[in-house]
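The structure under discussion appears below in the form of structure tokens.
What follows is calculated from the coordinates using simple rules that are stated; it is not laboratory data. None of the values given here were measured: they were computed from a predicted structure. Here the Cβ positions follow ideal geometry from the backbone for every residue, glycine too, while neighbour counts run over all protein chains shown.
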Amino acid sequence: MKKVLILEDEVSIRSFVVINLNRAGYEVLEAGTGMEALEKLKEHPDVGVAILDIMLPDIDGFEVCRNIRATDKKIGIIMLTARSQEMDKVTGLMTGADDYMTKPFSPAELTARIDALYRRIGSDTQSDSVELTQGPFVLNTRNRTLDKEGKRIKLTQVEYAIMKLFMQNPGRALSREDILTTVWGRDYDGELKIVDVNIRRLRIKIEDDTANPVYITTVWGFGYKWGV
Ligand code: CA
């Protein structure tokens with residue numbers, strides 16, 4: 001069964017999530033503090049998606065996210081933010097989250113987001129080993145890895161999906177909407193900004209000079225283009 005962890009100190013919200021995810025067929029682990037979440041994830045390495053609240057009694061959700069990402073690049077991470085915390089979305093994504101949801105959210109929206117993350121984690125596993133080599137980059141679609149000049153670049157699932165899309169479309173301008181639809185799925189109803197934040201993070205990982213990107217270039221008013 002697909003496993004999800006919910007980290008939320010407000011019992012009413014946590015129970016709401018548990019009930020709805022159980023109904024959607026997920027096994028749900030619960031944590032009320034950041035430390036508890038990290039311990040449970042260590043005990044259950046098969047958790048596919050973690051939902052992290054930001055305001056917590058001990059360490060905050062960003063810290064938890066950073067801690068998870070330090071050892072696990074594959075798990076999907078969704079941050080829960082309050083409506084007033086606009087900046088939190090960006091901060092959360094920069095610390096390695098794949099997605100965020102603003103409270104209050106509907107159960108249907110939450111399960112759609114988790115399903116989308118699970119699809120990304122599970123996709124490609126059946127496909128043949130294909131290596132895409134472009135310039136200094138080698139993308140391996142079986143292992144879902146990216147190397148630059150023979151060195152592994154650690155990517156989140158979302159970053160990997162964006163890189164794959166780019167490397168399958170070299171020299172082609174891709175609109176932000178195209179990237180959002182391909183990577184986050186057609187049902188995703190989040191904001192286009194999530195694309196920009198992930199591109200910013202990718203540039204930090206793959207560009208020689210983040211201030212003057214040469215691989216991922218901006219197509220003003222439209223989107224981005226990959227080239228080597
Ligand atoms: Ca909270």
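Descriptive notes on the structure:
- Here, the chain yields an orientationally averaged convex hull projection of 12.4 nm² when only Cα atoms define the hull.
- Acute angle (nearest 10 degrees) that the helix 61-71 long axis makes with the longest principal axis of the chain, alpha-carbon atoms: 60
- Of the peptides 163-170, 174-181, 9-16, the ranking by mean beta-carbon count within 10 Å, highest at the top, reads 163-170, 174-181, 9-16.
- Seen through its C-alpha gyration tensor, with square-root eigenvalues sorted a ≥ b ≥ c, the stretch 1-75 comes out oblate because a/c lies at 1.5 or above while a/b is not bigger than b/c.
- Under 5 Å between amide hydrogens, built in the peptide plane, is the criterion, and for L5 it picks out L29, V49, A50, I51 among residues at least 5 positions away or on other chains.
- Between 0 and 90°, nearest 10: helix 157-168 axis offset from the chain longest Cα axis: 20
- Above-threshold pairs, the threshold being 22 Å between Cα atoms, out of K193/K225; K73/K164; K3/K164; K2/K154; K103/K193; K2/K40: K3/K164; K2/K154
- A P(r) calculated from all alpha carbon pairs of the stretch 125-222, with 10 Å bins opening at zero, reads 14, 50, 31, 4 percent.
- Residue with peak Gaussian network fluctuation, the chain [Cα springs, cutoff 10 Å], from R113, R186, R69: R186
- Residues with amide H under 5 Å from that of T102, placed H, sequence gap 5 or more: T81
- Beta bridges per DSSP, both residues in the chain: antiparallel share near 45 percent.
- Distance between the C-alpha centres of the stretch 159-198 and the stretch 14-66: 27 Å, rounded to the whole angstrom.
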